[in-house]
Structure formats: C-alpha cells, structure tokens
Amino acid sequence: MKKIGIIFVVLLLFITSCTSNPVVIACVGDSITEGAKHKKQSKTAYPKVLDSLLGANYSVVNLGKSGTTALKKSNSTYWNCKDFSNVFSIHPNIITIKLGTNDSKPQNWNSEKFKENYQSLIDTFQTITPKPKIYLCLPVPVFEHSRFKIDGKVVRDEVIPIIKSLAEENNLPIIDLYHPFIGKENLVPDGVHPEEEGAVVIADIIAKHIKN
C-alpha cells in the first residue's frame, strides 16, 4: 500500500507539471531584439535563445521591431507598431524592455520626452491583468565603427542614466546589457547589432536574472 501511495503522488506531480501553464515572457525591443543582421533571425535572435535556455516552464515571445523607439514622436515609434498591441494580447507574466538605442538618433533625441514616454510605457504595461513583472534592460554599447545614425555617447551618458532613474523610481529590476559588451566589439560587427554569439550572451544574462 505504501508503494502504491508513492506511485500515486509521483503521477499526480507529473500530471500537475504537464498541465500547468508556462510563464509567458514578452521581449519588447528594437532590431537587436528582433534579430536584425542574423542569417536565421527567427532561430538565433536572443528571445529564441532565451526560450531554449529557460526550458519548458517558460514561453518567450519575440516582440522586437526594428528601428523603434520608446519616444512617441520619432521616425519609428514602438507605440504604433503591431508588436506593441501584441504585448497585451498574450497577457505576459514578465516583460523585458530593451529600447533606447534608436531614441539616441539626432532627429529623435529629447531627454525630457524620452523619460516621460518611457514612464508612460511602463505605466501602460502595468495595466495588464495580472500585473506583469517588468525588467528594464540597459542598451548594448554603440561602437565607434557603426555606420548608423545612432549616438553612442547619448546612449551611454543620457539614455542609460534615465533608464536607471526610472528603474529606481518604479522599483523595477535592471538588466545590464551594456557593461558585459565593453571590449567585445567582435560580437557587434556593425557597431550596433550583436550577431549570433552576442545574442547568446544577451540571452544568458537575461535568463540568469529571471531565474534568480
């Protein structure tokens, strides 16, 4: 009888684990999140790698859109893209936000509006029921050999301090993707977009934060 009881408990735990819903993670971001410059974008972008690292108890959805900003008024705002709407439709348990790189472009940058609009993004995502846990990601460095109109100094000296202040003011965790890439220009061939190996680095950092 004791042996039968143990078998029953094991089966019950197995059934429960199989029927429980996975933790849904929405990766909000720009081209780095979407997987730009990857030969097999759908398979090698960091959200896909993150999904693999976290295992069956998690479901990671790539909601990155190339060129987008947290700023509402820019050459391409995240607020107007379909991926923004999809964040609400999937009812995520966790949201990672990795925006700010394209905001630094000279035609876009406005420090006051950036903080205001990023705060609005946080507030809007917090209306989701049940309320998701939100992680703010510091952007990857922009290296000097970049041919894009992205200002690395603005990212370092203005974007990152603003994101840090928002994290503190909203009591939200930060995922630092900036400093781990310092001195690793080889992982960012065009100066902005980490290639496949760089995506693995990003996914590993995010996975460790989520698991902890």
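The values are calculated or read from the model by the stated rules, or taken from the named source; none is laboratory data. None of the values given here were measured: they were computed from a predicted structure. In this analysis, Cβ positions are derived from the backbone assuming ideal geometry, glycine residues included, and neighbour counts consider all displayed protein chains.
The one condition from (1) small (Gly, Ala, Ser); (2) assigned to a helix (DSSP H, G or I); (3) touching an Asp or Glu at 6+ places or on another chain (Cβ under 8 Å) that Ala167 does not meet is (3).
Look at (1) surrounded by 24 or more Cβ atoms within 10 Å (Cβ to Cβ); (2) out of contact with any Phe, Trp or Tyr (no Cβ under 8 Å at 6 or more places or on another chain); (3) under 20 Å from His193 (Cβ atoms) and you find that Asp103 fails only one, number (2).
In segment 180-197, the qualifying residues are those that are touching a residue at least 24 places away in the same chain (Cβ under 8 Å) and outside any loop (DSSP other than H, G, I, E, B), and the one that is nearest to Gly55 (Cα to Cα) is Glu196.
The lone criterion from (1) modelled with pLDDT of 95 or more; (2) over 24 Å from Ile205 (Cα atoms); (3) loosely packed, with under 15 Cβ neighbours inside 10 Å left unmet by Arg147 is number (1). When Val188, Val155, Val192, Val201 are checked against the criterion of being closer than 21 Å to Leu121 by Cβ, hydrophobic (A, V, I, L, M, F, W, C) and surrounded by 14 or more Cβ atoms within 10 Å (Cβ to Cβ), a single residue qualifies: Val155.
Okay, residues lined up against (1) over 16 Å from Ile175 (Cα atoms); (2) under 17 Å from the mean Cα position of the chain (by Cα); (3) of a type outside the set (D, E, K, R):
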site: Gly100; (1), (2), (3): no, yes, yes
site: Asp103; (1), (2), (3): yes, yes, no
site: Phe114; (1), (2), (3): yes, no, yes
site: Val140; (1), (2), (3): no, yes, yes
site: Val154; (1), (2), (3): yes, no, yes
site: Val159; (1), (2), (3): no, yes, yes
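No other residue among Asp123, Asp103 is free of Cβ contacts under 8 Å to residues at least 60 places away in the same chain, touching a strand residue (DSSP E or B) at 6+ places or on another chain (Cβ under 6 Å), under 23 Å from Asn80 (Cβ atoms) and acidic (Asp, Glu) apart from Asp103. Step by step: first the residues of segment 84-96, then only those that are out of contact with any helix residue (DSSP H, G or I) (no Cβ under 8 Å at 6 or more places or on another chain) and under 19 Å from Lys133 (Cβ atoms), then the one that is surrounded by the most Cβ atoms within 10 Å (Cβ to Cβ). Which residue is that? Restricting to residues being out of contact with any helix residue (DSSP H, G or I) (no Cβ under 8 Å at 6 or more places or on another chain) and under 19 Å from Lys133 (Cβ atoms), the top hit is Pro92.
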